[in-house]
Amino acid sequence: MTDLKKGIQNHLLELQLEIDDIFAKGRDSVVSEVNIGQIYGGMRGVVALACNTSYVDPYSGLYIGEYTTDEFSNKLPEEIFFLLSTGKFPDKKSLLNFQSELNQRAQIPQYVWDVLRSLPKDTHPMTMLSLGILSMENESVFKKAYQKGMKKSDYWKYSLEDSMNILAKLPALAGGIYRIRFGDGHLIPHDPSLDWSGNLAHMLGVNDDKGFADLMRLYLVLHCDHEGGNVSAFTSRVVNSALSDLYYAVSAGLNGLAGPLHGLANQECLRFILEIHDKLGADPDEQVLRAYILDVLNSGHVIPGYGHAVLRVTDPRFTAFMNFGETNCATNPCFKIAKKLFSIVPDILMHYKEGKVANPWPNVDAMSGSLLNHYGVNEFDFYTVLFGVSRVMGFCAQNILAQGLGQPIIRPKSVTNKWVLERLRAKG
Ligand code: NMX
Ligand code: MLT
């Protein structure tokens, strides 16, 4: 048994003991009330599911295990996947074994490229990523084992296998999508001497600058997971709870991530910054920029990269990216505009329409695109693919642990307006 599998098994035993203790103390205890506004308002703030990979504190941001964003942001993505799924960082030997496993499973079947090359030339890269994963669904070992009648207690082990096969292929899949969609279509071979993020940087074929490889590492760490309620992770979890294998569940999660209010804000931020650069110049006057931002808001559009459903402070992931930019591309025009927006937008959002925006501060997307642009990845339609490569780690870890804990199909109750009205009448 690999160190990763052993680590997950031990983590599941620990988590199960915690859950047994919680149930013994108060299985019927109420932790959250749901009001009518929340039923119609996206369940905002409703505590309705357990997720033990990560947690988002509204005032201190993302924790993975006990580690703050600042404490884990210097790690390798492979170490992060270990932490998400086992609750601990790997030792050196376990890390090397994991990286070797990923290298052995990195080869993508030719039919995947045939599918992707058959698509219209202007297909969105997120469509290509979701489809690329789904096209391999027939490789699922979970599905084959389920059809043979495997025990429920083994589900997570086969989902771990599917996870390893999917994660291993993501750098080549993302690199190939970039080369097919934006380049000469020539695929750059996987380099077994490079780690997971190093291979992604390599197979994009954009920039062999060490700074770009460092950015890819940081990028794949910071986007990995964001507790269980974000659209992409929650979608993936709900789909996998029906025992749809991880190829279906990962593809579904990526489809959620492709939304402009979620992962696609990643690309929309750079589009926004480039429009400012084109219309107002590289160093716009503050008052002119304020007027521009208000025009965007008054036209009914959101300011991409700002706001959050849970956070009520500047996203620590934004801060990590900004610190990277200060060190590596402080004079880049897009980076400077992104910084200027950071000095202006929160104040505007705080006061706009009596402060209707619950969180006026930047989220993970407000800075990341400017850094990619600096290193020559100018096709911002591709940016969310990088977000997706990282987020698949969270999808896989959350679903492996949920299966290992025997969590059932997710199926909350919906009600009609009629039901709500009758409820209100009964309350008088
Ligand atoms: N610009 C303009 N208006 C905003 C913004 C923003 N950045 N954020 C929220 N609002 C509006 C929101 O549209 C709503 O308006 P209305 O009542 O007219 O529909 C009002 O403020 C209240 O919304 P909130 O409760 O503050 O935000 P909610 O929790 O509903 O949504 C987001 C959270 C992240 C979807 C929202 O802040 C947003 O649309 N941000 C811009 C898009 C973005 O950056 N998304 C990426 C999030 C992170 N990620 O990677 O997924
Ligand atoms: C994420 O990383 O998923 C985003 O910040 C959105 C969220 O947490 O809802």
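The values are calculated or read from the model by the stated rules, or taken from the named source; none is laboratory data. Since we're looking at a predicted model, the values are computed, not measured. Cβ atoms come from the backbone with ideal geometry, glycine included; neighbour counts cover every protein chain shown.
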*Determine which member of the set 335, 318 is within 16 Å of ligand 2 (Cβ to nearest atom), under 22 Å from residue 74 (Cβ atoms), in a helix (DSSP H, G or I) and at pLDDT 95 or above.*
318
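Scan the stretch 349-368 residue by residue and report those that are of a type in the set (Gly, Ala, Ser) and within 15 Å of ligand 2 (Cβ to nearest atom).
The answer is 358, 366, 368.
Restricting attention to the stretch 59-76, report how many residues are more than 21 Å from residue 12 (Cβ to Cβ) and more than 15 Å from ligand 2 (Cβ to nearest atom).
Of the stretch 59-76, the ones more than 21 Å from residue 12 (Cβ to Cβ) are 59-62, 68-76.
Checking the rest, the ones that are also more than 15 Å from ligand 2 (Cβ to nearest atom) come to 68, 70-71, 74-76.
Residues that pass the stated criteria total 6.
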_Any residue that is closer than 17 Å to residue 375 by Cβ, within 16 Å of ligand 1 (Cβ to nearest atom), in contact (Cβ under 8 Å) with a residue 60 or more places away in the chain and hydroxyl-bearing (Ser, Thr, Tyr) - is there at least one of those in the stretch 219-227?_
yes
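I'd like to check which helices (runs of 4 or more DSSP H) are fully inside the stretch 354-428 and have at least 1 residues that are closer than 18 Å to residue 229 by Cα and more than 16 Å from ligand 1 (Cβ to nearest atom). Break it down stepwise before answering.
Numbers: elements: 365-374, 383-404, 417-427.
So the answer is 383-404.
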_Take the residues in the stretch 18-49 that are of a type in the set (S, T, N, Q) and either assigned to a loop (DSSP other than H, G, I, E, B) or within 20 Å of residue 408 (Cβ to Cβ) (or both); name whichever of them is nearest to the chain's Cα centre (by Cα)._
32
*Odd one out for residue 370 among (1) buried (at least 23 other Cβ atoms within 10 Å of the Cβ); (2) within 26 Å of residue 18 (Cα to Cα); (3) not hydrophobic (A, V, I, L, M, F, W, C)*: (2)
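Please tell me if residue 10 is away from ligand 2 (no atom under 16 Å from the Cβ), surrounded by 12 or more Cβ atoms within 10 Å (Cβ to Cβ) and modelled with pLDDT of 95 or more. Working first, answer last.
Numbers: away from ligand 2 (no atom under 16 Å from the Cβ): yes; surrounded by 12 or more Cβ atoms within 10 Å (Cβ to Cβ): yes; modelled with pLDDT of 95 or more: yes.
Spelling it out, residue 10 is indeed away from ligand 2 (no atom under 16 Å from the Cβ), surrounded by 12 or more Cβ atoms within 10 Å (Cβ to Cβ) and modelled with pLDDT of 95 or more.
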*From the list 52, 74, which residue is surrounded by 14 or more Cβ atoms within 10 Å (Cβ to Cβ) and part of a loop (DSSP other than H, G, I, E, B)?*
52
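If you scan the stretch 122-148, which residues turn out to be among the hydroxyl-bearing types (Ser, Thr, Tyr) and assigned to a helix (DSSP H, G or I)? Can you show your working first?
First, pick out the residues of the stretch 122-148 that are among the hydroxyl-bearing types (Ser, Thr, Tyr): 123, 127, 130, 135, 140, 146.
Within the stretch 122-148, 127, 130, 146 qualify.
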*Taking the condition surrounded by fewer than 18 Cβ atoms within 10 Å (Cβ to Cβ), among the small types (Gly, Ala, Ser) and near ligand 1 (Cβ under 9 Å from one of its atoms), does residue 281 pass?*
no
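Residue by residue, here is whether (1) under 20 Å from residue 377 (Cα atoms); (2) within 16 Å of ligand 2 (Cβ to nearest atom); (3) in contact with a Phe, Trp or Tyr (Cβ under 9 Å, 6 or more places away or on another chain) holds:
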position: 201; (1), (2), (3): yes, no, yes
position: 204; (1), (2), (3): yes, no, yes
position: 210; (1), (2), (3): yes, no, no
position: 224; (1), (2), (3): no, yes, yes
position: 229; (1), (2), (3): no, yes, no
position: 260; (1), (2), (3): yes, yes, no
position: 270; (1), (2), (3): yes, no, yes
position: 280; (1), (2), (3): no, no, yes
_Candidate set: the stretch 294-315, residues that are in a helix (DSSP H, G or I) and within 9 Å of ligand 1 (Cβ to nearest atom); chosen: the one farthest from residue 42 (Cα to Cα)_ = 296
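Residues to consider are 308, 301, 351; find the one that is farther than 23 Å from residue 379 by Cβ, within 27 Å of the chain's Cα centre (by Cα) and at pLDDT 95 or above. Before you say what the answer is, go through the steps one by one.
Details: 301 fails: farther than 23 Å from residue 379 by Cβ; 351 fails: within 27 Å of the chain's Cα centre (by Cα).
The unique qualifying residue is 308.
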_If I filter the stretch 231-252 down to residues being under 20 Å from residue 128 (Cα atoms) and near ligand 2 (Cβ under 10 Å from one of its atoms), which single residue comes out as surrounded by the fewest Cβ atoms within 10 Å (Cβ to Cβ)?_
231
_Checking the condition modelled with pLDDT of 95 or more, surrounded by 14 or more Cβ atoms within 10 Å (Cβ to Cβ) and not in a helix (DSSP H, G or I), which residue from 62, 84, 15 passes?_
62
